[in-house]
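Every number in this text was worked out from the coordinates using simple rules, so none of it is lab data. Since the structure is predicted, the reported quantities are computational estimates derived from the model, not experimental observations. Neighbour counts are summed over all protein chains in view; Cβ atoms, including those assigned to glycine, are modelled from backbone coordinates with ideal geometry.
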Ligand SMILES: [Ca+2]
Ligand SMILES: [Ca+2]
């Protein structure tokens with residue numbers, strides 16, 4: 001009862017607080033920030049025509065290029081390459097076998113030439129065979145020590161401060177915030193709570209199949225060398241329907257891999273919100289869109305504005321890009 | 001800041017409250033209730049050797065026979081049979097085609113004779129072709145009007161009051177509570193928040209495949225006539241690893257379909273908890289275990305006590321079975 005009263009006090013206080021623009025200190029005043037605050041105000045104003053119950057305030061964020069840097073390559077690709085090098089002593093045959101030979105030689109063109117088939121082979125060789133618990137420890141250890149190739153900072157420092165503030169702002173306004181990424185679900189889960197305040201169970205991503213079995217006399221979930229689900233493009237709405245079970249009211253992305261997620265989200269009834277982060281800041285980050293290998297953005301730039309999506313200019317809308 | 005202060009007040013109040021045995025009013029005092037309270041006290045006592053951070057306080061509940069009645073048949077089976085009858089006018093051929101013929105004739109032995117293949121056919125015919133949103137409305141409408149065949153009550157009144165109190169007790173103690181059921185994930189999600197206070201996104205279950213496509217010019221997630229995942233037996237740890245991404249510290253079930261989930265949960269490091277609801281109350285509910293078609297319990301009864309799992313006697317441990 002005491003707890004209930006205290007909880008009611010929190011709710012009462014929360015509802016009289018201003019729709020805190022001060023919660024987004026790294027955003028410049030402008031159309032992008034205004035569109036965010038207007039949307040959140042509309043769906044949280046009790047009695048308003050756009051009010052949405054907290055249970056249905058679902059917001060989904062892409063990860064690579066939306067919450068953290070994806071240049072010069074996806075972070076998980078760096079992880080995969082490091083894993084090949086770490087495991088190479090146990091696989092002397094890799095020195096003469098593609099695509100491993102190219103990885104070990106640092107020949108990224110050779111890796112790219114192996115195509116999707118080669119990538120699946122590399123992922124199978126480096127991401128399976130161990131238990132889920134073991135893989136979680138491998139990912140945790142790697143992310144704690146690996147450094148971004150150009151800045152030398154830990155990858156978890158290469159996150160976008162304005163987006164982290166946006167996640168907090170939404171959570172403070174009763175939203176349930178999920179990551180919906182093409183990246184590996186078990187690669188992200190070990191660190192998303194610490195880095196973004198998004199708990200492991202709120203992460204949707206690509207996955208490989210697993211199997212329950214006894215290993216050394218102990219029950220374990222073991223990772224198999226077989227793709228289960230690719231959470232990208234049309235896979236994102238499918239992943240959301242499966243893992244979350246509700247259509248989001250707000251979606252945040254940066255590439256055409258997010259197009260269907262934004263399309264499905266913003267086509268729902270009632271007030272909706274779609275946002276694309278446009279990497280147009282070559283000074284503070286990297287300027288790329290239509291011709292990029294990672295995070296190609298073309299359809300979203302052409303169609304997004306017609307659909308009422310907010311296009312964020314990193315150069316103009318963000319006071320600061322990375323955390324201090 | 002005001003919000004932060006208020007939240008801290010709640011936390012402070014929560015930590016000085018007694019490990020509220022008054023939160024489980026429908027449980028008789030006894031070994032089962034004591035084992036629950038002892039476990040929760042141990043993992044929530046800051047500084048204690050068994051303390052678990054809230055982020056890792058994951059508890060998983062089976063649904064059929066654990067949170068609500070599964071006799072005389074699984075509720076979803078009643079739903080499926082009703083769907084066949086509702087759709088029959090559009091399928092005149094069903095009158096002469098098994099297993100639909102048996103369903104329409106009310107011949108449950110004929111339905112059973114069609115086996116798993118027949119059941120998959122029925123599910124494909126009744127659970128696919130529509131969008132996820134449409135299926136959600138169908139399930140919502142059905143659960144609002146359907147009645148239990150022997151009591152005449154809505155199915156959502158045939159839930160176990162002591163288990164509902166247990167869910168609340170765990171949530172009040174910082175646990176994240178999930179349903180992990182062999183039942184259909186999209187059949188459960190529309191009503192679990194209202195009935196159990198477990199939100200849609202915390203439901204793990206069996207699923208069929210879906211596809212993102214344009215339908216009548218609108219983007220939709222469409223249900224396909226193909227099984228995606230069976231969340232039962234060894235599938236339960238796999239489903240937990242996929243959907244939640246952490247090994248639970250507490251698991252609650254009632255049949256041998258929950259065995260692997262309890263086994264995996266309780267084999268983890270640190271303090272763990274496993275509980276089996278034993279349906280031994282033929283007066284207030286239905287007495288069944290080793291020979292039941294639905295919710296067969298044999299291995300759990302034999303092995304559970306040796307593994308330290310709590311076996312709940314509905315007859316002796318529960319003051320009350322259903323809500324008033
Ligand atoms: Ca991206
Ligand atoms: Ca059950």
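Quick notes
- Top of A:92, A:190, A:199 by mean-square fluctuation, Gaussian network on chain A, Cα under 10 Å: A:92
- Angle between chain A longest axis and helix A:75-87 axis [Cα atoms, degrees, rounded to 10]: 20 degrees
- As computed over the range B:75-145, the Cα convex hull volume per residue (Å³): 90 Å³
- Residue-averaged beta-carbon neighbours from other chains (10 angstrom radius) around A:201-208: 3
- Each copy carries a label point for residue A:313 at 7 Å from Cα along the beta-carbon vector; from one copy to the others these points are 7.5 nm apart, nearest first.
- Average other protein chain Cβ within 10 Å of Cβ, residues A:231-244: 5
- Approximate spin-label separation residue A:86-residue B:46, in nm, with each point projected 7 Å along Cα-to-Cβ: 3.5 nm
- For the pair the range B:295-318 / the range B:195-272, the C-alpha centres are spaced 23 Å from each other.
- The order of B:255, B:197, going from fewest to most other C-beta atoms within 10 Å of their C-beta, is B:197, B:255.
- Residue exposure sequence - B:322, B:100, A:252 - by fewest surrounding Cβ within 10 Å: B:322, B:100, A:252
- Taking B:94, B:68, B:191 as the candidate residues, the one with maximal mean-square fluctuation in a Gaussian network model of chain B, Cα springs under 10 Å, is B:94.
- Cα gyration tensor category, rounded, prolate or oblate, for the protein assembly as shown with a/c compared to 1.5: rounded
- In percent, rounded to a whole number, the relative contact order of chain B is 22, using alpha-carbon pairs under 8 Å and six or more apart.
- Exposure proxy for B:38, A:141, A:96, A:256: other Cβ atoms within 10 Å of each Cβ, ordered fewest to most, give A:96, A:141, B:38, A:256.
- Site pair residue B:267 and residue B:226 shows an inter-label distance of 3.2 nm when each label is modelled 7 Å from Cα along Cα→Cβ.
- In terms of its alpha-carbon gyration tensor, the range A:129-171 comes out oblate; a/c meets the 1.5 threshold, while b/c is at least as large as a/b.
- Peptides A:205-211, A:107-113, ordered by how many other C-beta atoms sit within 10 Å of their residues on average, highest first, read A:205-211, A:107-113.
- Gaussian network model of chain A, Cα within-10 Å springs - most flexible of A:273, A:39, A:175: A:39
- Antiparallel content of DSSP bridges confined to the protein assembly as shown, in %, to 5: 40 percent
- Position residue B:54, label points 7 Å along Cα→Cβ, spacing to each other copy in nm (shortest first, one decimal): 1.2
- Shielding score for B:50-61, defined as the mean number of other chain Cβ atoms within 10 Å: 1
- Inter-copy spacing of residue B:140 label points, which lie 7 Å from Cα along Cα→Cβ, given in nm from shortest upward: 4.0
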